[in-house]
Amino acid sequence: MEYLQIVLLIAILGALVIKGKPKSKILNSKDGEVTILDTCALIDGRILELTQNGFVTGLLVIPHFVLSELQHLADGSDAHKRERARFGLEVVQQLQANDKPAVAVDNSDFPDIAEVDDKLVALAQKLKGRLYTTDYNLNKVADIKGVTVLNVNELAQQLRPVALPGEVKTIKIVQKGSNKNQGVGYLDDGTMVVVDGAARAIGKTVKAEVTRIHQTVAGKMIFATVKPRSR
């Protein structure tokens, strides 16, 4: 391990384990919710903005086995994973440097549990806390086991701009739809728009009036009709 990385990890562990709060107070935090961060959440980094803006409060708990996983990735041969892991360690350091919320490392090990995801769920159940993750599979497993999950990807999906029925959008038609008279285009944020009457407008831009919005597992889908040109 590089000298700078060793210094960084020692600084994180030394500062976080206490962070002004004895470890015994983790189980009975007076700061509100206990939020447990996983490896993906730290590598993602958006937790910094969410805490700085007050959207995530209470006590942040970083499991020791998550730090170990970051360390392992930062020592690995894969350059991309190595850089992402080092960024995750820097995120931990920045969280620790902020005044709020309080941050602590939990040293629970769960030796009978092999997978990190399963350990995270077990820790959330032990601390009666919630998980902050961007991992889809972990999200589903935690839901099944009754653990509350904060997923910033789902939050971003729900906050995407929504077109209202009657609005007129400018859409570039890129392909045919499932029906012979439909064309398909996309909004700037990636939302799919199915436009009736636009099957022959592939490669062209049309004015389309929104008729309805449909929510799917993959996200929102907008249905619209080509707006006749004014004469």
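Side notes on the structure shown:
- Which of ASN179, MET221, ALA208, positive extreme of dipole for the range 168-226 (C-beta unit charges): ASN179
- Within-9-Å neighbourhood charge of ILE222 [Cβ basis; K, R +1; D, E -1]: +3
- Flagged links, alpha-carbon separation over 24 Å, of LYS140/LYS169; LYS119/LYS220; LYS145/LYS220; LYS176/LYS204: LYS140/LYS169; LYS119/LYS220; LYS145/LYS220
- If R0 is taken as 30 Å, the Cβ-Cβ distance between LEU48 and ASN107 corresponds to a FRET efficiency of 0.80.
- Peptides 123-130, 182-189, ordered by how many other C-beta atoms sit within 10 Å of their residues on average, highest first, read 123-130, 182-189.
- Multiplying the residue separation of ARG82 and THR216 by 0.36 nm and subtracting their alpha-carbon distance yields 44.7 nm.
- Inter-site label distance for GLN125 and LYS207 at 7 Å from Cα along Cβ, in nm: 5.9 nm
- Residue-span extension gain [GLU33 to TYR186] - 0.36 nm each, minus C-alpha spacing: 51.2 nm
- Rounded FRET efficiency, nearest 0.05, which uses the C-beta distance separating ALA97 from THR57 and R0 of 22 Å: 0.80
- Positive contributions from Lys and Arg (+1) and negative ones from Asp and Glu (-1), summed over other residues with Cβ under 13 Å from the Cβ of ALA122, come out at -3.
Only the coordinates and a few stated rules stand behind these numbers; no lab work does. The shown structure was predicted, so the numbers you read here are calculated from the model rather than taken from an experiment. Note: ideal-geometry Cβ built from the backbone for every residue, glycine included; neighbour counts use all protein chains shown.
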